[in-house]
Amino acid sequence: MKVIENVKSKALWPTVTFTFKVNNINNEQITNKCLEREKQGLGFRFDPIQGGGWQSNKDLLDSEFSDLKKSILVGANEILSQIYVDQASIRMINSWANISRKNQYTMPHVHEEASWSCVYYVTPTYDANLYFKDPRLLEHMDKSHHNLKQPYANMIRKRPFRAGEAILFPSWLEHGVVTNMTDDIRISIACNFLIEG
């Protein structure tokens, strides 16, 4: 007779993110227009102590880049409609561009008053990758995870993204961007979605 039997496992409270590629978008044109908006002061600069960088006003996709807005909306609806009831509506509530240069970064933050957030990469991320913080507040109480066969970290650094790729994640998931150590300008467009019944 076996000592134990009928062992079953279940992953509790998984946090899902989705990545996808957006096709037929002119990223060079978006880059030029974002840089022009920055030059015209249509946004604000973060204090260097907060990481530096520039962020546009939060109505970006309402005033420009309608093809990109349509593609992101189609993508988000296609993905999220699989996990929400049929009556739920999925709508974009705001959007903005982010520009970071050498030695600039984005501090950890969440997107309040939204359900899901999306980041579209106009340029490659190079070494300035997006990262997520472990949402389990008490994880630090058990250091045994360092001895796991597949250890995990308190922060998960996403792989570099190429221009045209996007990631969709829950807005409550704390995230940031590591320091851009290259001379390349890093441009992304972020947007938030609200799910309502």
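The values are calculated or read from the model by the stated rules, or taken from the named source; none is laboratory data. Predicted model, so just to flag it, every value in this text is computed and none were measured. Because the Cβ atoms are built from the backbone with ideal geometry, glycine has one as well, and the counts that use them run over all protein chains shown. Each accessible area value is taken on the protein alone, full model and side chains, heavy atoms only, with ligands, DNA and RNA left out. Shrake-Rupley method; radii C 1.70, N 1.55, O 1.52, S 1.80 Å.
From the gyration tensor of the Cα coordinates in region 66-133, what semi-axes in whole Å does the equivalent ellipsoid have, largest first, with each one equal to sqrt(5λ)?
For region 66-133, the ellipsoid semi-axes come out as 26, 15, 11 Å.
For the Cα atoms of the chain, what angle does the longest principal axis make with the long axis of helix 66-80, in degrees from 0 to 90, nearest 10?
Roughly 10 degrees, rounded to the nearest 10.
Put +1 on the Cβ of every Lys and Arg and -1 on every Asp and Glu Cβ in the chain; which of Ala166, Pro14, Asn192 then has its Cα farthest towards the positive end of the dipole?
Pro14
Which Cα, out of Ile90, Gly43, Ser100, lies furthest along the positive dipole direction of region 25-137 (beta carbon charges, K/R +1, D/E -1)?
Ser100
Using 1/(1 + (r/R0)^6) with R0 = 22 angstrom and r between the beta carbons of Val74 and Glu28, what's the FRET efficiency to the nearest 0.05?
0.50
If you rank Ser9, Ser56, Ser115 by how much accessible surface each has, with a 1.4 Å probe, what is the order from largest down?
Ser9, Ser115, Ser56
Tell me, what is the per residue accessible area of region 11-124 in Å², probe radius 1.4 Å?
60
Work out the FRET efficiency for Ser144 and Gln82 from their Cβ-Cβ distance, taking R0 = 35 Å, and round it to the nearest 0.05.
Between Ser144 and Gln82 the formula returns 0.50.
Tell me, what ³J(HN,Hα) does each residue in region 92-106 have, in order and in whole Hz, if you take phi through Karplus 6.51 cos²θ - 1.76 cosθ + 1.60 with θ = phi - 60° and put x for Gly and Pro?
7, 10, 6, 7, 7, 9, 10, 10, 10, 10, 3, 6, 9, 8, 10
If R₀ is 25 angstrom, what is the calculated FRET efficiency for the pair Ile195 and Met107, using the beta carbon separation as r and rounding to 0.05?
0.40
With a point put 7 Å past each Cα toward its Cβ, work out how far Lys58 is from Asn6 in nm, to one decimal.
Going from the Lys58 label point to the Asn6 one covers 5.2 nm.
If the only charges are +1 at each Lys and Arg Cβ and -1 at each Asp and Glu Cβ, what is the size of the charge dipole of the chain around the Cα centre, to the nearest 20 debye?
The dipole of the chain has a size of about 600 debye.
For the chain, what % of the accessible area comes from carbon and sulfur atoms, probe 1.4 Å?
Answer for the chain: carbon and sulfur cover 53 percent of the accessible area.
Could you sort Phe65, Phe18, Phe169 by accessible area so the largest value comes first, with the probe set to 1.4 Å?
Phe18, Phe65, Phe169
Just to make sure I understand: if all protein chains stay in place, what is the order of Leu68, Leu35 by accessible area at 1.4 Å, largest first?
So the residues, ranked largest to smallest area, are Leu35, Leu68.
Can you show me the helix-derived [θ] at 222 nm for the chain, built from DSSP H runs with n ≥ 4 at -39,500 (n - 2.57) apiece and divided by the number of residues, rounded to the nearest 500.
Mean residue ellipticity at 222 nm (helix-derived): -5000 deg cm²/dmol.
Taking the 0 to 90 degree range and rounding to the nearest ten, how far is the long axis of helix 27-40 tilted relative to the main principal axis of the chain, both from C-alpha atoms?
Approximately 70 degrees, to the nearest ten.
For the pairs Lys8/Lys143; Lys39/Lys69; Lys10/Lys58; Lys33/Lys102; Lys10/Lys158; Lys21/Lys149, flag any whose C-alpha to C-alpha distance is greater than 28 Å.
Over 28 Å apart, Cα to Cα: Lys10/Lys58; Lys21/Lys149.
Provide, in order from the shortest bin, the percent of all Cα-Cα pairs of region 26-156 in each 5 Å bin, continuing until the bin that contains the maximum pair distance.
2, 8, 14, 17, 17, 15, 11, 8, 5, 2, 0
If I stretch the segment between Met155 and Leu137 completely, what's the gain in nm (0.36 nm per residue apart, minus their alpha carbon distance), one decimal?
5.2 nm
Tell me the accessible surface of Lys21 in square angstrom (1.4 angstrom probe, heavy atoms of protein chains only), to the nearest ten.
Only protein atoms counted, so the area is about 120 Å².
Size of the dipole of region 56-141 about the Cα centre, Lys and Arg at +1 and Asp and Glu at -1 on the beta carbon, nothing else charged, in debye to 20?
Roughly 240 debye for region 56-141.
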